[in-house]
1. Per the helix-only calculation at 222 nm, which mean residue ellipticity applies to the chain, given -39500 (n - 2.57) for every DSSP H run of n ≥ 4 and division by its residues, nearest 500 deg cm²/dmol?
2. Count charges around Leu20 for me, please; just the other residues with Cβ under 13 Å from its Cβ, Lys/Arg as +1, Asp/Glu as -1.
3. Label Asp50 and Lys134 with points 7 Å out from Cα along Cα→Cβ: what is the distance between them in nm?
4. Might you report the magnitude of the Cβ-based charge dipole of segment 8-163 about its Cα centre, with Lys and Arg at +1 and Asp and Glu at -1, to the nearest 20 debye?
5. What part of the accessible area of the chain, given as a whole %, is carbon or sulfur when the probe is 1.4 angstrom?
6. Just going by the charge dipole of the chain, with Lys and Arg at +1 and Asp and Glu at -1 on Cβ, which of Ala160, Ser65, Ala33 is farthest out on the positive end?
7. Using the beta-carbon distance between Ser61 and Arg10 and R0 = 30 Å, what value does 1/(1 + (r/R0)^6) give for FRET efficiency, to the nearest 0.05?
8. Net charge near Arg139, counting Lys/Arg +1 and Asp/Glu -1 over other residues with Cβ under 12 Å of its Cβ?
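The values are calculated or read from the model by the stated rules, or taken from the named source; none is laboratory data. Since this is a predicted model, take the numbers as computed values, not measurements. Neighbour counts are summed over all protein chains in view; Cβ atoms, including those assigned to glycine, are modelled from backbone coordinates with ideal geometry. The protein model used for the area step is the full one, side chains on, heavy atoms only, and it has no ligands, DNA or RNA in it. Shrake-Rupley method; radii C 1.70, N 1.55, O 1.52, S 1.80 Å.
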Amino acid sequence: QPASNNFLQRDSFARQLAYLKANYGQHKTIPPALELECLTALQFFPELKDVHILFRFGKSSTTMSSRPTVSSLLRNRKHRLYIVTVNQDGASKLGLTWNELSFNDTVGWFGHELSHILHYSQKSNGGIVWMGYKYSFARYKRKMERFTDQLAIQHNLGFALYDGTEYTLNC
């Protein structure tokens with residue numbers, strides 16, 4: 001990919017890894033293979049600094065997915081645990097695997113998932129359950145995904161999100 005101001009470069013953030021860990025890694029469990037991408041995306045969401053998030057590899061029908069744990073919906077919203085599942089090799093034919101994406105694309109995808117978490121974190125437990133029910137309808141799902149993309153854009157990750165989406169659509 002061309003080096004420009006619109007592309008996040010791995011080397012630029014790799015030099016800041018200790019800073020990113022110290023400032024954005026609290027309450028986060030991140031696989032070492034995804035640490036730089038996750039922490040880079042998290043710095044664009046300072047309001048998630050104290051939110052508990054588990055990033056993990058697993059089976060997902062898309063490249064990545066995010067949700068609160070069911071058990072944490074029984075707790076106060078400040079104590080919820082959110083899971084971001086990253087599609088592992090061979091887990092699905094519908095989503096790309098994370099290692100097919102560039103650093104910039106991956107940060108954009110994480111920005112999208114963190115936007116979901118930001119939205120969830122502002123909802124009551126009942127509101128999340130209601131939203132989950134409505135998400136099963138295609139019209140609401142499209143509306144919700146557009147809203148989530150807007151949140152990522154508002155957090156200055158629009159260029160990375162666009163790049164990742166463009167790659168996905170044209171690969």
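1. Calculated from helices alone, the mean residue ellipticity at 222 nm is -14500 deg cm²/dmol.
2. Cβ neighbours under 13 Å give a net charge of +3.
3. Placing both labels 7 Å beyond Cα along the Cβ direction yields 2.8 nm.
4. Magnitude of the dipole: close to 780 debye.
5. Carbon with sulfur: 54 percent of the solvent-accessible area.
6. Ser65
7. Calculated transfer efficiency: 0.60.
8. Computed value for this residue: +4.
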